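See structure below.
The values are calculated or read from the model by the stated rules, or taken from the named source; none is laboratory data. All figures in this text were calculated on a predicted structure; none of them were measured in a lab. FYI the Cβ positions are ideal-geometry reconstructions off the backbone, even for glycines, and counts take in every protein chain you see.
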Amino acid sequence: MTPETLDTLKLCGIVILLAPLAGAILAGALGPRLLRSHAHWPAILGVGAAFAGAVVIFTQMRGVTEGATTALLPVYDWISIGTNSIFRVEFLIDPLTSVMLLTVTGVSLLVVIYSRDYMREHDHPERGYERFFAFLALFVFSMCALVLGGNFLLLYLGWEAVGLCSYLLIGFYYGRPAAAAAAKKAFLVNRVGDFGFGLGIFLIYLTFGTLEYGAVFELVQQGLTGTGQALSDGRITTIALLLLCGACGKSAQLPLHVWLPDAMEGPSPVSALIHAATMVTAGVYMIARCGAIFTASATAMTVVAVIGSVTALFAATIALTQTDMKRILAYSTISQLGYMVLGVGVYAADSAVFHLFTHAFFKALLFLGAGSVMHAMGGIIDVRQFGGLKRILPWTFRTFVIGSLALAGFPLLSGFFSKDEIIHHALQAHPILGIMGLVTALLTAFYTFRMVFLAFAGPERIPEGVHAHESGKWMLAPLFVLSIGAIGAGYLGVAGKPFHTFLAPVFEHTFTAANPAAHGAAHGAAEAAHPSFWAHYGLMILSGALSIIGIAAAYVLYVQQNWIPGLVKATFPRVHKMFHNKYFVDEIYDAGLVSPARNAGRVCVGLDDYLIDGLVWLATAIPRAFGYLVRTFQSGLLQGYGLSMVAGIAVVVVWVLWA
């Protein structure tokens, strides 16, 4: 890269961070008094400037045709002793960074624009309007800081800032007990994962003596510690698994997935922002970024793949019986994140990032579409309470169907291409993983269109007292743009695979080099120079067929023969109850962790109130008793004091004379 290119990348990185931060400060500081109903503009302009910077970075990285494709750009020395820099704020910009920045800022900009109308009632801003946009812009700043950071400490700071912003946004309606509880739950569950993540970073520093990505990854690939000793398998596996704890928290993987469905208590734009492009993708990004660490441990990669596949199938079964549109989409997000983690675990990091990219479009589209339905239904989002909305919300319906088709993996839409790649690599790694991916794909298509048919098909049903209407242009415009992405984003992974080629320099020395399936494929390339039609296209056809079967089954069960689901529920009540109650994971956690912790807290309070306070009371009993006796002589009457003085003098005189 030329010096001019490096200067441009550095300037754009600074703009990407400072523009949303400035927007958050302006919206929060000037919104209540000066901006008021226009408090959305600082956030829109700030995130828009960040998106422009991301476009420039992506363009610059696309223009690099030779030489290094990674730039480590120091910004300033944060902590230094003399001339030695102890800790430096620096940007790491490479193809992975540029893709993540483009995805985060692009989708976030559409969400912020959408929020302008969503957070209004009869064109009047809701209470906390300016606070909402300040939090949105701060969220974008935190995520960009996480992505741009060139070392583990900056990664951790961005990681924690994202968690804080999610707490603020999920609990935006803090006056509602459910929203306040959901915010606390998200914060506390993520603290569990972040504790392991922090330990992993601490162990990295103890092992390698540095937190800079490049230095750590180079030592890992050389199999050395910071002191030049051999790096043991147990140490690198421990580091990888501790980092995975953080990914399980942020990306809502088993067993730390329980916070994400409850996060639906926040406004719909928050759900779209958290679930599509920002917080939940942080874990996948972190594993992909730390590929040198994870691929150095076969055990860690196996754990990653198993957690991803089990989470994908687990969440898909729960989504089958949910009735809240946003919760259905929440479990869908957990399931799709499971696909991404599975992709990374089977050494297909480029396919995982590709699915992250396509998923951002159609999942943001679906959450914003659900928000449009909720906005029209007066806050009601339960699909049992309305139906036949395709005539009332025609544009919302059309865009929602596009997003649903992409999520269901319908042939030739974006989700079809990215999901198919992951399943293909999973089958190569282990047949069971691939079969779990295929079953999940079938369930995804079914529960997605179960939701579509219940909400939009059939006779028109509207809750009493609701005046349903189509959303305004501020809400519809982002839906149209996201629809284009949901249709066309997948084609970046076909016809020469430009998306994967662009990311290849990031993964060629980690996931690609360590992939056992790749070595096996290379060994057998001569024998399979001319694969048969079914060997080449069989999985693609099977995946597409499963999507169509799932959609058709949902149509039959919820449109043509809608009595069958009730019969199935009555026939298998325990299975339905298990799915509907989310395998009772929350109840298990409450019985095994939450309740014992609360009981322990009550015991501590009792010890403090009775034992500790009792000991303090006992230690002060004698002085207080003496004070009580002495206090009887302090009447405040001068006559009494005079009499006491005379009596005292008399006693002294008698004592002296007697002696």
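Residue check: is Phe91 outside any helix (DSSP H, G or I) and either touching a residue at least 24 places away in the same chain (Cβ under 8 Å) or among the polar types (S, T, N, Q) (or both)? Before the answer, list the steps.
On the way: outside any helix (DSSP H, G or I): yes; either touching a residue at least 24 places away in the same chain (Cβ under 8 Å) or among the polar types (S, T, N, Q) (or both): yes.
Yes: the conditions hold for Phe91.
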Original post:
Quick one: is Tyr339 on the phi > 0 side of the Ramachandran plot and out of contact with any strand residue (DSSP E or B) (no Cβ under 8 Å at 6 or more places or on another chain)?
Top reply: no
Original post:
Can you spot a residue in the range 13-20 that is farther than 21 Å from Leu169 by Cβ, at pLDDT 90 or above and over 23 Å from the mean Cα position of the chain (by Cα)?
Top reply: yes
Subject >> Pick from the range 605-647, criterion outside any helix (DSSP H, G or I) and over 60 Å from the mean Cα position of the chain (by Cα), ranking: modelled with the highest pLDDT >> reply: Leu637
**OP:** Run Val306 past the list (1) within 26 Å of Leu438 (Cβ to Cβ); (2) at pLDDT below 95 and report the number of the one that doesn't hold.
**Re:** (2)
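Within the bounds of the range 363-374, is there any residue that is in the same structural domain as Ala408 (by TED's automatic domain parsing), part of a helix (DSSP H, G or I) and surrounded by fewer than 24 Cβ atoms within 10 Å (Cβ to Cβ)? Explain how you work it out, then say what you get.
First pass over the range 363-374, keeping only residues in the same structural domain as Ala408 (by TED's automatic domain parsing): 363-374.
Imposing the further condition that a residue be part of a helix (DSSP H, G or I) reduces the set to 363-374.
If we keep only those that are surrounded by fewer than 24 Cβ atoms within 10 Å (Cβ to Cβ) as well, we get 374.
Yes, that holds for at least one residue.
Please determine, by comparing only the residues of the range 391-438 that are assigned to a helix (DSSP H, G or I), of a type in the set (A, V, I, L, M) and touching a Gly at 6+ places or on another chain (Cβ under 7 Å), which one is nearest to Ile328 (Cα to Cα). Before you say what the answer is, go through the steps one by one.
Of the residues in the range 391-438, the ones assigned to a helix (DSSP H, G or I) are 394-407, 414-429, 431-438.
From what's left, of a type in the set (A, V, I, L, M): 401-402, 405-407, 422-423, 426-427, 429, 432-433, 435-436, 438.
Retained after the next criterion (residues that are touching a Gly at 6+ places or on another chain (Cβ under 7 Å)): 406-407, 422-423, 426-427.
Numbers: Ala406: 16, Leu407: 12, Ile422: 22, Ile423: 22, Ala426: 25, Leu427: 27 Å.
Of everything passing the filter in the range 391-438, Leu407 is nearest to Ile328 (Cα to Cα).
Filter the range 323-352 down to the residues that are of a type in the set (Val, Ile, Thr) and over 15 Å from the mean Cα position of the chain (by Cα) and list them by number. Even if it seems obvious, please write down each step before you answer.
Our first condition is that a residue be of a type in the set (Val, Ile, Thr); within the range 323-352, this holds for 323, 328, 333-334, 341, 344, 346.
Result: Thr323, Ile328, Val344, Val346.
Here's the yes/no breakdown for (1) of a type outside the set (A, V, I, L, M, F, W, C); (2) closer than 24 Å to Gln253 by Cβ:
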{"residue": "Val112", "(1), (2)": "no, no"}
{"residue": "Arg116", "(1), (2)": "yes, no"}
{"residue": "Glu130", "(1), (2)": "yes, no"}
{"residue": "Leu169", "(1), (2)": "no, yes"}
{"residue": "Arg191", "(1), (2)": "yes, yes"}
{"residue": "Gly198", "(1), (2)": "yes, yes"}
{"residue": "Tyr213", "(1), (2)": "yes, yes"}
{"residue": "Glu218", "(1), (2)": "yes, no"}
{"residue": "Gln221", "(1), (2)": "yes, no"}
Subject >> Boolean, Lys419 is among the basic types (Lys, Arg), surrounded by 22 or more Cβ atoms within 10 Å (Cβ to Cβ) and touching a residue at least 12 places away in the same chain (Cβ under 8 Å) >> reply: yes
**OP:** Search the range 224-242 for residues being in contact (Cβ under 8 Å) with a residue 12 or more places away in the chain and over 24 Å from Ala282 (Cβ atoms), and hand back the single one that is surrounded by the fewest Cβ atoms within 10 Å (Cβ to Cβ).
**Re:** Thr227
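Being of a type in the set (Val, Ile, Thr), assigned by TED's automatic domain parsing to the domain that holds Thr440 and more than 21 Å from Phe400 (Cβ to Cβ): is that true of Val353 here?
yes
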Original post:
Going through the range 199-223 one residue at a time, which ones are polar (S, T, N, Q), at pLDDT 90 or above and either surrounded by fewer than 21 Cβ atoms within 10 Å (Cβ to Cβ) or under 19 Å from Thr70 (Cβ atoms) (or both)?
Top reply: Gln221, Gln222
Subject >> Residue check for Arg391: over 23 Å from Glu121 (Cα atoms) and among the charged types (D, E, K, R) >> reply: no
**OP:** With the condition kept exactly as written, say whether any residue in the range 53-69 is on the phi > 0 side of the Ramachandran plot, at pLDDT below 90 and outside any helix (DSSP H, G or I).
**Re:** yes
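Go through the range 550-570 and count every residue that is under 12 Å from Tyr447 (Cα atoms) and surrounded by 14 or more Cβ atoms within 10 Å (Cβ to Cβ). Break it down into steps so the answer makes sense when it comes.
In the first step, residues of the range 550-570 are kept if they are under 12 Å from Tyr447 (Cα atoms); the result is 550-555, 557-558.
Applying the additional criterion that residues be surrounded by 14 or more Cβ atoms within 10 Å (Cβ to Cβ) yields 550-551, 553-555, 557-558.
Residues in the range 550-570 being under 12 Å from Tyr447 (Cα atoms) and surrounded by 14 or more Cβ atoms within 10 Å (Cβ to Cβ): 7 in total.
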Subject >> Looking only at the range 243-268, and only at residues there that are modelled with pLDDT under 90 and assigned to a helix (DSSP H, G or I), the one that is surrounded by the fewest Cβ atoms within 10 Å (Cβ to Cβ) >> reply: Glu265
**OP:** Residue by residue through the range 269-322, note down the ones that are in a loop (DSSP other than H, G, I, E, B), over 14 Å from the mean Cα position of the chain (by Cα) and closer than 27 Å to Ala240 by Cα.
**Re:** Cys290, Ala296, Ser297
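Which ones in the range 23-45 are under 16 Å from Asp123 (Cα atoms) and exposed (fewer than 15 other Cβ atoms within 10 Å of the Cβ)? Reasoning before the result, please.
The initial filter retains those residues of the range 23-45 that are under 16 Å from Asp123 (Cα atoms), namely 35-41.
Arg36, Ser37 - these are the residues of the range 23-45 that are under 16 Å from Asp123 (Cα atoms) and exposed (fewer than 15 other Cβ atoms within 10 Å of the Cβ).
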**OP:** Could you grab the pairs with beta carbons closer than 7 Å, sequence gap of 6+ or different chains, first residue in the range 1-30 and within 15 Å of Leu138 (Cβ to Cβ), second one not in a helix (DSSP H, G or I)?
**Re:** Ala27/Ala39
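Return the residues of the range 306-335 that are hydroxyl-bearing (Ser, Thr, Tyr) and touching a Phe, Trp or Tyr at 6+ places or on another chain (Cβ under 7 Å); say none if nothing qualifies. Walk me through how you get there before you give the answer.
First pass over the range 306-335, keeping only residues hydroxyl-bearing (Ser, Thr, Tyr): 309, 311, 317, 321, 323, 331-333, 335.
Listed by number, the residues that qualify are Thr317, Thr321.
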